[in-house]
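Novice: Here it is, the structure in full.
The values are calculated or read from the model by the stated rules, or taken from the named source; none is laboratory data. Owing to the predicted nature of the structure, the values given are computational and were not obtained by experimental measurement. Heads up, the Cβs are rebuilt from the backbone with ideal geometry, glycines too, and the neighbour counts pull from every protein chain shown. What goes into the accessible areas is simple: the full protein's heavy atoms, side chains included, and nothing from ligands, DNA or RNA. Shrake-Rupley method; radii C 1.70, N 1.55, O 1.52, S 1.80 Å.
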Amino acid sequence: MIADLTTRRLVICCGTGGVGKTTISAALALRLAQSGARTVVVTIDPARRLASALGMTGLSDEPRRVPADAVLGEGAGELWALQLDAKATFDRLVSRYAADEAARTRILENRIYRHLSGAVAGAQEYMAVERLHELVEDGDFECIVLDTPPATNALDFLDAPQRITRFIEGRALRLLLRPGAVAGGLGWKILHAGSGTVLGLLERLTGAQLLRDVSDFLAGFDGMYQGFADRATAVRTLLLSEQSAFLVIAAAEPDSLGQAVALSRRLTSDGFPLSGVVLNRVHALPGEPPAEQELADALAAAGAEDPGALARDAIAAIADERVLGLRDLDARAELHAAIRDGALIEVPSLAHEPVELPGIAEVAAALGP
């Protein structure tokens, strides 16, 4: 699987929360850097787990090089990381499509924009893929790995560009964006209808300044919606292209498996390039435990204290491990049936939490040669 991913510019790691997505993203980026690629891993996770996983004190919206020479090896590429700032990305998008400097300033300094730029449904997910698009255009990195936003429904990430397009192209918003609907035009005439009752009520509730801010906000976006819609379409085209590869990250818990199966099928049916599923924290299946008395005799011969109690505890622990191992065998079979010819990569459950670069390197090694 890793060999196939070295030919892709974008690798998108998606899945539900709590499955180790950030750890796998960091490990995958490390593995790609070890293969010789100049790689950046991008996260939008507000909990800043990526910085902790990489042993760094903090990340920003600009890529920072990870001091990973000790685990990269000779002849490797470089590993970089950044923490997405959705607001900063939205600001750059406004700057890209503003008609002129005055229009740009009018939007960026508007109070309504500052409060709403990250609040539109799907805005954070869309800004994540918009940031990917920027990184591809800049050309500074051969491989870009995205740790997708934490979401209750992992499918939200796929729908974000279309939801933003529908919002921008919506009839109500486009009506408001028409020049005749700004202050003094059609919209304000409607508000003033009925002896100013509507406007008067709004002014009492919100204040006239807020209404002026709304007017400026809408007027500032006039003429920009087509650029936003075009960019959203370009982002979706990029995600559907052979430049991209999707990995679904799953754990053996029932909820995670159900989401992983649904997401894998959705990716395949919608034409997104699914490279495989990573089943994380897989427990090995131990063999059948020996008879309790046989184990107790062996422990007694070795000089153990209270060999009978020690044998009982050991057999109970092996039984628990077998339950987990059998559960993970079922999970493996379920995922194989769902992804059919897709790759299934298993990352073993480690004895310790894989934090900082040595732990991430262990996970990277488990991802394959």
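Novice: Please work out the C-alpha center-to-center distance from segment 269-299 to segment 306-364 and express it in whole Å.
Specialist: 4
Novice: In terms of the Cα gyration tensor, with a ≥ b ≥ c the square roots of its eigenvalues, is segment 15-83 rounded because a/c is under 1.5, prolate because a/b exceeds b/c, or oblate?
Specialist: prolate
Novice: Next question. In Å, the Kirkwood hydrodynamic radius of segment 1-40 over pairs of distinct alpha carbons?
Specialist: Radius from the Kirkwood sum: 10.7 Å.
Novice: How far apart, in nm, are the 7 Å Cα→Cβ label points at residue 105 and residue 233?
Specialist: In this crude label model, residue 105 to residue 233 measures out at 3.3 nm.
Novice: Which whole number of Å³ per residue matches the convex hull of the alpha-carbon atoms in segment 237-298?
Specialist: Taking only Cα atoms, segment 237-298 has a hull volume of 111 Å³ per residue.
Novice: Counting only C-alpha contacts under 8 Å and six or more residues apart, can you give the relative contact order of segment 249-369 as a whole percent?
Specialist: About 34 percent, as a whole number.
Novice: Loop only per DSSP, at most 10 neighbouring Cβ atoms within 10 Å: give me the GluC sites (Glu not before Pro) in segment 294-336, ordered by residue number.
Specialist: 305
Novice: Counting only protein heavy atoms, what percent of the accessible surface of segment 321-369 is carbon or sulfur at a 1.4 Å probe?
Specialist: Carbon and sulfur atoms account for 57 percent of the accessible area of segment 321-369.
Novice: May I pose another question? Just check segment 1-147 against the gyration tensor rule for me: Cα atoms, a ≥ b ≥ c as the square roots of the eigenvalues, rounded for a/c under 1.5, and otherwise prolate or oblate depending on whether a/b exceeds b/c.
Specialist: Prolate, since a/c reaches 1.5 and a/b exceeds b/c.
Novice: Would you kindly calculate the translational diffusion coefficient of segment 230-351, applying Stokes-Einstein with the Kirkwood radius from alpha carbon pairs, for 20 °C and a viscosity of 1.002 mPa s, and quote it in µm² s⁻¹ without decimals?
Specialist: 124
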